[in-house]
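Report on one structure; see the data block that follows.
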Amino acid sequence: MSRLLTPASIVDPRELVELVSGAISEIVSGGFLIDFALGNEEYGYFDLVAANENREGVLFFLNSSGDEVEYLRFLKCMCWYQENWRTVQKLHAGRVALGPIPTVFVVAPRYSNSMRKVLLNVGGSRITLLKYNCFQDSNGKKSLSIEKVEDSSAVGGKTGFMYVSTTCPSRPAADWPNMPMAEKIKYLREFCREMEADISNVSDEELLDLLG
Amino acid sequence: MGDMKRPAKGFDEISRVFLPSTTPDHSAEMVPQAAALPSRSPLLFPVLCCLSPAPAVESFFACNLSVEIAKNNKTVTLIDFGFERSVVRHLMGCSNPISNAVTPAGALHPDYRLESIKFDGLAEITLVLPARPRELNFPKRTLGRILTEDKVRKCNVILINSPMGPMPEIRTRFPKAILLIDDQIHSLARGYSWIKRLSSGCLCFIIGAVHREGEDSKTVMRGVSKLQNAAFKHLPVGLKLRVISMPLDMEARASMHSGKPLALRESPALSSSAGAIAKLCGSLLRNE
């Protein structure tokens with residue numbers, strides 16, 4: 001069976017919630033999921049509440065589209081949390097410790113330079129930015145590759161990364177074995193572009209020989 | 001063969017390729033004065049990784065290959081363009097990126113930094129890392145400047161690890177290039193693309209066929225076979241493609257997590273990954 005991974009997009013934000021919630025222990029060392037949707041209608045919600053191995057709270061804000069306007073919602077969530085953290089702490093007493101400055105993981109497909117700097121300065125070092133790429137295999141199983149995005153303007157701030165792979169049932173994928181060759185080539189070129197790999201010097205004829 | 005040129009490995013030729021560039025790089029760096037060239041020339045190899053998405057693997061092989069070279073009493077420089085994804089320092093067992101940085105006296109280098117890494121009983125490893133993030137564009141002439149660094153000039157082998165995309169300067173010619181690929185079709189396509197791009201100056205490619213230990217390596221070998229056929233059909237005559245099976249075993253995984261190079265672990269002899277890296281190293285150093 002082909003193990004080809006093709007790039008996939010996440011249209012439904014719930015899909016990203018499902019994928020990330022299944023990978024909490026990989027993203028947060030020794031971590032586990034506590035709850036979904038922390039917040040309220042007016043201010044918006046953190047998508048996931050987790051705990052690390054020391055049972056300290058970790059909040060997840062998921063931005064599946066990467067749209068910057070979503071971060072207004074994030075700022076409102078932060079405001080809501082800071083005003084209500086004592087109540088929230090009581091709510092989760094015994095399960096997870098939550099402090100006034102929460103540890104937050106933001107997950108998005110991309111960050112502009114300016115937005116990265118803004119986000120990393122919202123709450124200082126307690127905010128971690130994670131960039132995801134979504135792939136699906138020939139069975140339509142989706143997986144995420146997640147990288148830690150650091151403030152590259154900071155000295156030595158370029159070494160962090162993480163890679164997690166998660167799977168969950170997904171929409172039916174393209175049937176790779178039965179796909180016409182021209183379609184396969186199109187897929188392949190698109191995939192490489194997503195991966196920032198330049199194969200523009202490879203002709204269709206050459207790709208046909210590689211695929212054949 | 002026609003216009004095919006012999007691969008160049010001499011330092012002066014490498015310098016000639018890089019230094020005449022007139023492209024302004026907006027860098028405040030001083031261009032080093034032309035110094036006397038060393039009597040011997042370092043061998044210069046790119047390690048081109050076509051494995052994605054698996055960001056740790058690419059640096060794993062470059063890092064361990066450099067340690068293996070050092071084990072063979074050869075000084076080595078690893079120029080790592082991993083940028084945000086670079087895990088080489090972690091794999092070398094270093095924690096703080098800046099603490100051991102060495103800036104050579106009399107030179108100002110805003111674009112890269114040099115580090116000296118020493119393991120007991122091994123030749124010196126010099127690690128060169130970009131000092132600026134990827135999006136700030138690594139200036140075009142900087143690789144040329146790195147190659148004129150005294151420390152780099154005097155080493156036996158230079159490895160360039162560029163997992164993030166194009167090499168900063170692709171015009172150079174290499175005696176050999178190392179390509180790491182796996183069983184996925186995009187990996188083959190990237191590998192083929194690299195061979196095509198470099199084939200005007202490099203005729204010898206070592207293909208590391210990477211697979212997980214316990215997984216059937218036949219799939220990746222079938223892919224390599226297709227790649228070889230396509231290369232021999234479409235690319236210049238005279239290409240040599242050597243294939244080395246590169247299993248990723250438990251020892252390799254433990255090494256990645258522990259930040260201790262595979263060759264320095266207690267039982268490297270038991271690791272098939274370590275064996276493959278040693279074979280690759282032998283092939284480079286013998287210049288077969």
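Could you grab me the full set of residues in the range B:120-130 that are part of a loop (DSSP other than H, G, I, E, B) and open to solvent by less than 40 Å² (accessible area, probe 1.4 Å)? Full working, then the answer.
Here is the first cut: in the range B:120-130, the ones part of a loop (DSSP other than H, G, I, E, B) are B:120-124.
Correct list: B:L122, B:A123.
For the range B:188-220, filtered to residues that are within 11 Å of B:L235 (Cα to Cα) and not in a helix (DSSP H, G or I), the residue that is farthest from the other protein chains (Cβ to nearest Cβ) is B:L203. Residues that are more than 16 Å from B:E213 (Cα to Cα) and within 14 Å of another protein chain (Cβ to nearest Cβ) were ranked within the range B:242-275; the one that is least open to solvent (accessible area, probe 1.4 Å) is B:G259. For the residues A:V118, A:V149, the requirement of being open to solvent by 70 Å² or more (accessible area, probe 1.4 Å) and at pLDDT 50 or above singles out A:V118.
Among the residues of the range A:74-88, those identified as open to solvent by 70 Å² or more (accessible area, probe 1.4 Å) and not hydroxyl-bearing (S, T, Y) are A:L75, A:K76, A:Q82, A:E83, A:R86. The residues on offer are A:G30, A:G94, A:G22, and the sole one that is more than 20 Å from the chain's Cα centre (by Cα) and open to solvent by 10 Å² or more (accessible area, probe 1.4 Å) is A:G94.
The values are calculated or read from the model by the stated rules, or taken from the named source; none is laboratory data. The shown structure was predicted, so the numbers you read here are calculated from the model rather than taken from an experiment. Neighbour counts run over all protein chains shown; Cβ positions are idealised from the backbone, glycine included. Surface accessibility is based on the protein's heavy atoms, side chains included, excluding ligands, DNA and RNA. Shrake-Rupley method; radii C 1.70, N 1.55, O 1.52, S 1.80 Å.
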